[in-house]
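*Asks:* The structure follows.
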Amino acid sequence: MAEYNETPSLNQNDWSVSDDVKRASITSKTSQFVDLDLNLVANPFTNDIQFLRDDRAVTGAVRNLLLTNFFERPFSPLLGANLIGLLFEPADAITIGNLEEAIARVITKHEPRVELTGIIIDDDVEGNAYNVTVKFRIKEINQTAGVSIRLTRLR
């Protein structure tokens, strides 16, 4: 009859530790952010749709959240920043504050991979537009990135 030991003993030969710090930092990365390129650009070699990886994937996700209006996604009616709805408000400081609040709310609530570092909104009164720049830090890879969007009204 074989004996069962719940805690197997480990010899010194069972452990392998490398002193190479660069290798340790590369292997410690546990996840890779991958998303589809919504521009539907085909890979020239495989003719498949290309993937966005790491910082480009996160930046694309933030851009999609900002450009999504309420009730555009079927099972998440309150997902999005609803920035287009604020374009028809008077062009004043209150509207700019509402834009900043909507951007901060959607990013902090729906994008846990980033930490918001800044929102810059320039009012273009003559062009009936807002130039929005959102800056953030991607937490896992500790890299800063940003998204710039021009919001315009169509007459």
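*Asks:* Long-range amide H contacts for Arg113: which residues qualify at under 5 Å (H placed 1.01 Å from N, peptide plane, sequence gap of 5 or more or a different chain)?
*Replies:* none
*Asks:* Please sort 80-86, 102-108, 112-118, 70-76 by packing, taking for each peptide the average over its residues of neighbouring beta carbons within 10 angstrom, highest first.
*Replies:* So the peptides 80-86, 102-108, 112-118, 70-76, ranked by packing, come out 80-86, 102-108, 112-118, 70-76.
*Asks:* Identify, among Phe136, Asn47, Val62, the residue whose Cα sits farthest towards the positive end of the charge dipole of the range 39-155, taking +1 on the Cβ of Lys and Arg and -1 on the Cβ of Asp and Glu, with the dipole about the Cα centre.
*Replies:* Result: Asn47, furthest along the dipole toward the positive end.
Every read-out reported here was derived from the displayed coordinates using simple, explicitly stated rules and does not represent laboratory data. This one's a predicted model, so the numbers in the text were calculated from it and none came from an experiment. Reconstructed Cβ throughout: ideal geometry from the backbone, glycine too, with neighbour counts over all protein chains shown.
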